[in-house]
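Data block below; observations after.
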Amino acid sequence: MSDILMSQNDDVLTQLPKLLQKIAKKQIAGFKVKFDAITEMSEEEAKQTKVFGKTYAWYFKEMAGHPAVDYLIATEKPVLILQGDKDFQVSTEKDFALYQQICIGKPNVHFKLYPGLNHLFMKSVYGRVKDFKKEYKVPQKVSAEVLEDIAEWILAK
């Protein structure tokens, strides 16, 4: 999870004016220091340490202890991995492609990438991580295609 957040921050940097990039780089460096320290924390210390806002280090420590990759490799149960290609919270090039590579030869894992959809499987409006607050305030519904695909996949299992 911390890797994803750091990647999102890097993406935001490229979308900011130069002056704001300088300020943001310092903030991102601070987050990196905090994230790097989490692995050395005891569980109790992590439960007491806020990383940002109301989010405690324990959340990231716990998530790091259960990598999704390990589950994907080990499971024989049916898995459906869906993503919108305008999802700026996870990357099609990094994340979606990595999961596809990890699952080569696993007939129980199915993938689908949806053109034009964001992280919430709704039509992307802005398509940039720096505009995520505006993007998610636009009233929409989950794509009917996504809902149909999920229903068909469940019924086929």
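The values are calculated or read from the model by the stated rules, or taken from the named source; none is laboratory data. From a predicted model like this one, the values you see are computed outputs, not experimental measurements. Note that we place each Cβ from the backbone using ideal geometry, even for glycine, and neighbour counts take in every protein chain shown. What goes into the accessible areas is simple: the full protein's heavy atoms, side chains included, and nothing from ligands, DNA or RNA. Shrake-Rupley method; radii C 1.70, N 1.55, O 1.52, S 1.80 Å.
What number of residues in segment 77-98 are of a type outside the set (Lys, Arg) and touching a residue at least 40 places away in the same chain (Cβ under 8 Å)? Walk me through how you get there before you give the answer.
Step one: filter segment 77-98 for residues of a type outside the set (Lys, Arg), giving 78-85, 87-93, 95-98.
If we keep only those that are touching a residue at least 40 places away in the same chain (Cβ under 8 Å) as well, we get 78, 80, 82, 84, 88-91, 95.
Residues flagged as of a type outside the set (Lys, Arg) and touching a residue at least 40 places away in the same chain (Cβ under 8 Å) within segment 77-98 amount to 9.
Do you know which of the residues in segment 26-43 that are touching a strand residue (DSSP E or B) at 6+ places or on another chain (Cβ under 8 Å) and hydrophobic (A, V, I, L, M, F, W, C) is most open to solvent (accessible area, probe 1.4 Å)?
Start the filter on segment 26-43 by keeping residues that are touching a strand residue (DSSP E or B) at 6+ places or on another chain (Cβ under 8 Å), which leaves 31, 34-35, 38.
Remaining after also requiring hydrophobic (A, V, I, L, M, F, W, C): 31, 35, 38.
On the way: Phe31: 59, Phe35: 21, Ile38: 9 Å².
Among those that are touching a strand residue (DSSP E or B) at 6+ places or on another chain (Cβ under 8 Å) and hydrophobic (A, V, I, L, M, F, W, C), it is Phe31.
Which of the residues that make up segment 103-156 are of a type in the set (S, T, N, Q) and either over 10 Å from Gly84 (Cβ atoms) or out of contact with any strand residue (DSSP E or B) (no Cβ under 7 Å at 6 or more places or on another chain) (or both)?
Restricting attention to segment 103-156, the residues satisfying the condition of being of a type in the set (S, T, N, Q) are 108, 118, 124, 140, 143.
Listed by number, the residues that qualify are Asn108, Gln140.
Within segment 44-101, how many residues are open to solvent by less than 50 Å² (accessible area, probe 1.4 Å), over 15 Å from the mean Cα position of the chain (by Cα) and of a type outside the set (A, V, I, L, M, F, W, C)?
The qualifying residues number 3.
Scanning segment 132-157 for residues that are open to solvent by less than 50 Å² (accessible area, probe 1.4 Å) and in a helix (DSSP H, G or I), which turns out nearest to Leu20 (Cα to Cα)?
Restricting attention to segment 132-157, the residues satisfying the condition of being open to solvent by less than 50 Å² (accessible area, probe 1.4 Å) are 135, 138, 143, 146, 149, 151.
Still in the running and in a helix (DSSP H, G or I): 135, 146, 149, 151.
Working: Glu135: 21, Val146: 37, Asp149: 41, Ala151: 44 Å.
Of everything passing the filter in segment 132-157, Glu135 is nearest to Leu20 (Cα to Cα).
For segment 15-25, enumerate the residues that are surrounded by fewer than 12 Cβ atoms within 10 Å (Cβ to Cβ) and either among the basic types (Lys, Arg) or in a helix (DSSP H, G or I) (or both).
Within segment 15-25, the first condition is being surrounded by fewer than 12 Cβ atoms within 10 Å (Cβ to Cβ), and the residues that meet it are 17-19, 22-23.
The answer is Lys18, Leu19, Lys22, Ile23.
Can you spot a residue in segment 11-34 that is of a type in the set (D, E, K, R), over 24 Å from Phe88 (Cβ atoms), out of contact with any Leu (no Cβ under 7 Å at 6 or more places or on another chain) and at pLDDT 80 or above?
Let us first name the residues in segment 11-34 that are of a type in the set (D, E, K, R), namely 11, 18, 22, 25-26, 32, 34.
Of the ones still in play, those that are also over 24 Å from Phe88 (Cβ atoms) are none.
The answer is no; no qualifying residue exists.
Going by the structure shown, is Ile73 aliphatic (A, V, I, L, M), outside any loop (DSSP other than H, G, I, E, B) and over 16 Å from Ala151 (Cα atoms)? I'd like the intermediate steps shown before the answer.
Working: aliphatic (A, V, I, L, M): yes; outside any loop (DSSP other than H, G, I, E, B): yes; over 16 Å from Ala151 (Cα atoms): yes.
Judged against the criteria, Ile73 is a match.
Can you tell me which residue is nearest to Lys77 (Cα to Cα) among those in segment 102-131 that are open to solvent by 60 Å² or more (accessible area, probe 1.4 Å), part of a loop (DSSP other than H, G, I, E, B) and modelled with pLDDT of 90 or more?
Pro107
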